Amino acid sequence: MSLNAVLAGRPAHGSRAERLHPALLRSLTLWMLTRTVLIFVLLRPAELGSLADIATYYDWARAAWLDGVIPGRDFAWEYPPGALPFVLLPVVSSGPWSYLIAFSAVLLVLDAGMLLLLSRVARKLGSNLGVGLWLVAPVLLGPVFLERFDLVPAALAALAVVLAATTPACAAALLVAGAFVKIWPIALLPLLLVAARRPLSVVSGSVAATAGFAALAASAGVFPALSSTFDQQRHRGLQVESIAAVPFLWAGRAGGSGPRYQHGAWEVTTQGSAGVGSVVSLVGLIVIICFCAWLRYGVLRGGHFDLSVAASAVVSVLVVTNKALSPQYLVWLIALVAVAACHRFAHRAQVVASLVVACALTHLVYPLLYTSLLKGDLLPLLVLSGRNALLLVLAGFLILASAPSPSPTDA
């Protein structure tokens, strides 16, 4: 049975439905075990380097609650206005560790919600691989899963993909909501238009949501955060973990200049690196446009494609062509690939295996080998190169798996 059948509300086979509660109980038990492991990993001294962003969030939240200094209103910051509630929501009165606990607790609630969503999709489609991916991959990725709020837009995007066939307007609104937290989910709106039987619903949902969130941001005085986000992204250089930065890192090891801390990250500053970053970003945009046009052509010829796989492909292109490739960006991929992996598609095993290994290698790079990477040591550079090669392979498999089939595969 296809994802469209699930979203249209078609019932599952009786025996599978009868096994829902034991299967869900097992998944929740495994979720609690894996997240307990993740929390213990977070507390290890070797992982403390990953808390830098949490310390910054705490400073922002403390200044907001105690001094009334609001990010995006009183000073420019790097996130859209919708990120503000997730920075301010945790408790700040008892110090940074209580803030971390509260911040992680909010994300664990979303994490559990994603597990329930995936369990429902898996029950309908008959494969628990997506649930398994969601249980395992965050642990391999490491504590950044609970120390950044990238899970918020990732969960919203995943839910939008699940709801797209039945409620396209709601799906579009969810993508806009995700974009108000982090910009990237907006890249899935053209794909939603390509897939929708009622494109006007997508347009109306996105316009209404944009107007509503913009009005809320304006009333709170934080609307300027949207423009400052684009400004920050435009001025960023090549982050050391990005795919385009790897040749410069190898050149640095051979005697070139090392990375420099700027724009809130370590970036390569070798001559020509800024131009390469701009070109790579442009290439990513062109690839996504051509990808959507290819899918639209297939639809016009009576074909069908799986939205969850195509959405994963778009996000994978965003990741591999991004000037920044922070470790938490893999959360975007984990969420969408987990939805897709709940049913069978071409190259599914290769996609899931590539992502799992990429998560483990990412954890090795950051934070475990990050200091050595900045020094130009060989081991972390090899690990990073391998991780980036896997992400390129992953993107290729997802693009191939998105090829429109001659006819819908609904059972």
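How much length is gained on full extension from Ser227 to Ser127, taking 0.36 nm per residue of separation minus their Cα-Cα distance?
The Ser227-Ser127 span can extend by a further 31.8 nm.
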Quiz item: Say each of Leu89 and Ala211 gets a label point 7 Å from the Cα, pointing the same way as Cα to Cβ; how far apart are those two points in nm?
Solution: 2.7
Self-check item: Packing rank of 312-322, 182-192, 273-283, where each peptide gets the mean count of other beta carbons within 10 Å, highest leading
Solution: 312-322, 182-192, 273-283
Quiz prompt | Computed label-point distance, nm, for sites Thr29 and Asp59 using a 7 Å Cα→Cβ extension | solution = 4.6
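Keeping every protein chain in place, order Leu300, Leu125 by accessible area at 1.4 Å, biggest value first, i.e. largest first. Before the final figure, lay out the partial values.
Working: Leu300 120, Leu125 15 Å².
Accessible-area ranking of Leu300, Leu125, largest first: Leu300, Leu125.
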Quiz item: Using 15 Å as the cut-off for backbone N distance, which residues of region 108-130 belong to the label zone defined by a point 7 Å from the Cα of Ala349 along Cα→Cβ?
Solution: 129
Quiz item: Cα axis of helix 199-219 to longest principal axis of the chain: angle in degrees, 0 to 90, nearest 10?
Solution: 30
Quiz item: Non-local amide H neighbours of His304 (under 5 Å, H modeled in plane, Pro and chain starts lacking H): which ones?
Solution: Ser405, Ser407
Quiz item: Hey, any idea what % of the chain's accessible area is carbon plus sulfur with a 1.4 Å probe?
Solution: 69
Quiz prompt | Extension gain (nm, one decimal) between Thr36 and Ser257, 0.36 nm per residue minus Cα-Cα | solution = 75.4 nm
Quiz item: What shape does region 193-293 take by its C-alpha gyration tensor, where a ≥ b ≥ c are the square roots of the eigenvalues and a/c under 1.5 counts as rounded, a/b above b/c as prolate, and the rest as oblate?
Solution: oblate
Exercise. Provide the per residue accessible area, probe 1.4 Å, for the chain, rounded to a whole number of square angstrom.
Key: 42
Exercise. Tell me, rounded to the nearest percent, the portion of alpha carbon pairs in the chain spaced more than 33 Å apart.
Key: 32
Quiz prompt | Spin-label model distance (nm) - His235 vs Thr166, 7 Å beyond Cα toward Cβ | solution = 4.6
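The values are calculated or read from the model by the stated rules, or taken from the named source; none is laboratory data. Being a predicted model, the structure only gives us computed values, none of them experimental. All Cβ positions, even for glycine, are placed from backbone atoms using ideal geometry, and neighbour counts span all protein chains on display. What goes into the accessible areas is simple: the full protein's heavy atoms, side chains included, and nothing from ligands, DNA or RNA. Shrake-Rupley method; radii C 1.70, N 1.55, O 1.52, S 1.80 Å.
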